[in-house]
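The values are calculated or read from the model by the stated rules, or taken from the named source; none is laboratory data. As the structure is a computational prediction, the values presented were derived from the model and not from experiment. Here Cβ is always computed from backbone atoms with ideal geometry, including for glycine, and neighbour counts include all displayed protein chains. The protein model used for the area step is the full one, side chains on, heavy atoms only, and it has no ligands, DNA or RNA in it. Shrake-Rupley method; radii C 1.70, N 1.55, O 1.52, S 1.80 Å.
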Amino acid sequence: MTSTAHLPLHAERIWSLFKKTLPLLVLIASLLITYAAWQVAQRNSEEEMHTQFDSLRHEAGSNVMQRMHSYEQLLLGVSALFAHASHLERSEFRDYVAKLQLEKEYPGIRGVGFIQIIAATQKGTHIQAVRAQGFPAYTIFPEG
């Protein structure tokens, strides 16, 4: 005899149906719990990625601002040099730039230079003078 022998017929049917559907109910409940946990994990992962992205974005922006500030300081120094020198020789400028220690103090800056404006009437004399300083291929371009 089964344990449901003393139950009324409709209760026996309900119990039988419950026993048959219990695994399905457990499966559905497990799937729902798994889905809810996955949603929470996904939301947490997205929030973490956004936080990390914002941090990296802020760091990149700070690095750009820092580098631009370095460039600005370097340009101000060169500007001050030219403001106080009526004439600057190539060797004097080279020595100035060497003392800046670009690689150590301004990482990322590859070099500092200046462009001298030469009047058309002085072009030939200027080219000859620079070539005489050890730059035989020196020229001014474009020609015009």
Item checked: Area of Trp38 that stays accessible when all protein chains are in place (1.4 Å probe, Å², to 10) -> 130
Check: Which residue, chosen from Thr139, Gln39, Gly77, occupies the Cα position most advanced towards the positive end of the dipole of the chain, where the dipole is computed from +1 (Lys, Arg) and -1 (Asp, Glu) charges on Cβ about the Cα centre?
Finding: Gln39
Margin query: At 1.4 Å probe size, with the rest of the protein present, what percent of the exposed accessible area of the chain is carbon and sulfur atoms?
Written below: 62
Next item on the list: Take the chain, connect every pair of alpha-carbon atoms lying under 10 Å apart with a spring to form a Gaussian network, then pick out the residue of Val78, Val40, Val26 with the largest mean-square fluctuation.
Entry: Val26
Notebook entry, point to check: What spacing in nm lies between the two simple spin-label points modelled at Arg57 and Thr21, each 7 Å away from Cα in the Cβ direction?
Noted result: 5.0
Checklist line | Reported label for calculated Kirkwood radius over Cα pairs in Å given (1) 15.1; (2) 15.9; (3) 23.9 | finding: (3)
Check: What residue among Ser30, Ser91, Ser62 shows peak mean-square fluctuation when the chain is described by a Gaussian network model with Cα springs under 10 Å?
Finding: Ser30
Next item on the list: Report the residue, chosen from Leu88, Leu76, Leu32, that carries the largest GNM mean-square fluctuation when the chain is represented by alpha-carbon nodes joined by springs under 10 Å.
Entry: Leu32
Notebook entry, point to check: Once the Cβ-Cβ distance between Met68 and Ala129 is put in as r, and R0 is 22 Å, what FRET efficiency do you end up with, to the nearest 0.05?
Noted result: 0.05
Notebook entry, point to check: In nanometres, what is the gap between the two model label sites at Glu105 and Glu143, each 7 Å from Cα along Cα-to-Cβ?
Noted result: 4.3
Item checked: About the Cα centre, charge dipole magnitude for region 54-144 (Lys/Arg +1, Asp/Glu -1 at Cβ), debye -> 240
Item checked: Per residue solvent-accessible surface (Å²) - the chain, probe of 1.4 Å -> 86
Check: Mean shadow of region 16-101, computed from the convex hull of its alpha carbons, in nm²?
Finding: 8.5
Check: Once the Cα atoms of helix 123-132 and of the chain are each reduced to a long axis, what angle between those two axes, in degrees from 0 to 90 to the nearest 10, is obtained?
Finding: 80
Next item on the list: Grab the DSSP H runs of the chain that are 4 residues or longer, score each as -39,500 (n - 2.57), total them, divide by all residues and round the 222 nm result to the nearest 500 deg cm²/dmol.
Entry: -25000 deg cm²/dmol
